[in-house]
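One structure is given below, encoded as structure tokens.
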């Protein structure tokens with residue numbers, strides 16, 4: 001069975017419903033973001049220095065230990081948490097569509113492309129093993145020179161400090177006996193990190209506006225160039 | 001097929017099969033649009049940020065939690081009271097973006113308390129106290145707590161220099177570290193001079209716009225109301241502007257003239273709408289802020305609340321989820337008003353009810369069927385003697401009549417003066433990743 005066929009089967013058994021944790025009656029995810037304005041031009045505004053990224057050791061697609069610090073420094077990084085079988089239309093799939101489109105836009109700029117990377121960290125180390133991630137990653141990075149990394153953790157306890165540092169909430173649906181089911185609830189967040197490892201913007205669903213995100217990336221690129229010239 | 005196109009098709013089909021179209025990105029009608037976990041059904045608890053009263057109970061400011069689910073055995077009862085160990089003029093609160101934590105401020109001591117309401121909403125825990133706001137920003141009186149992703153934007157009322165109304169907004173990350181500050185404009189922006197005053201914050205992400213309003217400084221809000229209104233000079237020191245900000249750059253783009261202390265701001269949550277509404281406390285007027293031709297924002301007086309000559313003092317407002325109705329509480333005459341906002345340019349009052357000797361905050365459920373009212377405005381502005389009722393009153397609303405559901409007497413229960421309310425819901429069957437990892 002190919003990876004492309006395997007995923008829909010998993011998806012059929014599992015449903016991620018982001019943005020819904022507390023279960024009071026009719027809670028519906030918000031719709032995709034509206035954008036009724038012209039975004040500011042890159043470099044005409046300054047992004048806030050929200051928080052530094054704490055270091056951690058994770059596993060890459062080949063099962064090798066990697067320092068997170070190495071993947072949030074030296075380039076402009078877009079980092080998000082996901083899991084491979086999430087099918088919430090306004091969760092991971094929406095983020096991936098946005099990131100794929102952004103990658104294609106970034107690749108159109110030969111100067112910018114080598115300065116940007118994407119990092120996806122799995123919320124489910126138990127199921128999203130390095131082997132699973134390696135297959136999953138081919139859908140996104142295959143044939144592209146763009147740096148797009150997929151990480152997992154050796155076990156959930158190794159992941160928890162990372163989630164805590166980023167303020168990424170995750171909970172798991174349980175069955176009648178209180179046992180974990182395969183439904184993860186998480187708030188979709190995409191973190192924009194500058195080459196010095198500082199989070200400069202966080203995009204939740206209402207903020208995922210590709211034109212704005214691209215301009216933010218270009219703003220950090222211009223900022224880096226200015227700093228380098230000093 | 002190009003990968004992007006493939007995913008677009010998958011996404012499109014999922015929208016179709018799940019029936020999810022664009023909808024209002026908002027919370028129970030007044031919270032930050034960046035907040036998750038909307039409660040569109042029955043709320044389980046109301047948390048009430050309560051001012052301590054000397055000689056009443058422990059005298060401390062406290063977070064009071066009330067069970068408000070009619071199916072619960074504890075319905076209408078106080079299930080938890082968490083004192084913070086001091087009296088600092090408890091006032092407003094706001095959830096973090098993930099709704100796990102509730103930030104609450106003191107207008108007098110400028111302390112900010114962070115409560116964990118996500119782990120067990122029936123028993124909130126105080127997890128952090130932030131006391132560096134005045135020292136690091138020179139702002140006083142943290143009022144509005146407005147969630148941004150990973151951050152909390154705080155609208156303040158005053159300053160450390162003269163304790164007057166010139167102030168600004170402070171931005172903290174969710175770990176409680178100050179990121180930066182933004183002074184309210186005191187010069188002309190867009191042709192109107194700013195007064196530098198602050199109060200509420202409301203964001204429209206689709207427009208990339210923040211609106212702020214303006215009230216008064218510590219000198220005024222901590223003074224006895226009876227003395228204050230006799231002091232003509234002091235009465236000049238109330239806000240008379242609103243400010244339009246570019247959300248991305250956090251720069252003011254327009255100052256709007258809105259006399260009479262415009263307070264709470266509510267954006268219409270209906271998809272595609274481009275207006276917000278506010279009430280000016282001193283003039284008892286409703287003001288509409290709407291985007292006009294060329295993208296410029298215009299503030300327009302659109303209605304009167306009660307008889308302005310009697311100074312009814314409109315305080316809190318609550319907009320319905322469809323943007324077609326507005327509750328307004330007037331403090332002095334203890335009246336709750338309902339306005340039909342079908343035409344926001346011409347609000348029509350269709351209902352009013354005397355709900356207490358003094359009424360201040362008003363919150364409605366997302367479906368509009370339940371309305372909650374508290375009594376206290378400010379420690380020094382509340383009425384005296386028998387009129388100093390202190391309560392939370394819950395009502396059911398059928399579109400025609402407010403029917404009492406239950407009441408908690410905050411004086412009898414020795415709790416204090418109830419002010420701001422926030423809803424939470426039980427976690428259902430979901431468990432945290434950490435709890436499962438520990439097994």
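Any read-out appearing in this document is the output of simple, stated calculations on the displayed coordinates, not a laboratory observation. The structure presented is a predicted model; accordingly, all values stated were derived computationally and were not measured. When we count neighbours, we look across all protein chains shown, and the Cβ atoms used for this are built from the backbone with ideal geometry, even at glycine.
Structure summary
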read-out	value
Cα coordinate range in segment B:134-195, projected on the principal axes (Å, largest first)	37, 27, 16
Peptides ranked, highest mean first, by Cβ atoms within 10 Å: ranges A:61-67, A:211-217, B:106-112, B:346-352	B:106-112, A:211-217, B:346-352, A:61-67
In Å, descending, principal axis extents of the Cα set of segment B:61-150	47, 30, 19
For B:73, B:207, B:300, order by how many other beta-carbon atoms lie within 10 Å, fewest first	B:73, B:300, B:207
Sequence-separation-based contact order of chain A, relative, with Cα cut under 8 Å and 6+ spacing, percent	33
Candidates B:373, B:210, B:277: whichever shows maximal mean-square fluctuation once chain B is modelled as a Gaussian network with Cα springs under 10 Å	B:210
Per-residue average of Cβ from other chains inside 10 Å of A:91-102	3
Averaged over B:420-433, number of beta-carbon atoms from partner chains that fall within 10 Å	6
Separation of the residue A:36 and residue B:230 label points, Cα + 7 Å toward Cβ, nm	5.0
Whole-number percent relative contact order across segment B:39-111, with pairs defined as alpha carbons under 8 Å at least 6 apart	25
Distance in nm between pseudo-label sites at residue A:49 and residue A:146 (7 Å out along the Cβ direction from Cα)	3.0
Degrees separating the helix A:130-141 axis from the principal Cα axis of chain A, which is the longest one	50
On Cα atoms only, tilt of A:210-229 relative to the major axis of chain A in degrees	50
Under 15 Å from the residue A:225 label point (7 Å along Cα→beta-carbon), backbone N, segment A:58-77	A:76
Chain B: relative contact order in percent, alpha carbon pairs under 8 Å with at least 6 residues between	13
Angle between chain A longest axis and helix A:92-107 axis [Cα atoms, degrees, rounded to 10]	30
Cα-based Kirkwood hydrodynamic radius, the protein assembly as shown, one decimal, Å	25.8
Chain lengthening between residue B:353 and residue B:409 when straightened (0.36 nm per residue, less Cα-Cα)	18.2 nm
Mean residue ellipticity (222 nm) of the protein assembly as shown, computed from DSSP H runs ≥ 4 via -39,500 (n - 2.57), nearest 500	-4500 deg cm²/dmol
Cβ neighbours within 10 Å from other chains - mean over A:33-40	6
Principal axis box of segment B:146-283, alpha-carbon based, largest edge first, Å	44, 34, 26
Shape of segment A:44-229, Cα gyration tensor, a/c cut at 1.5	prolate
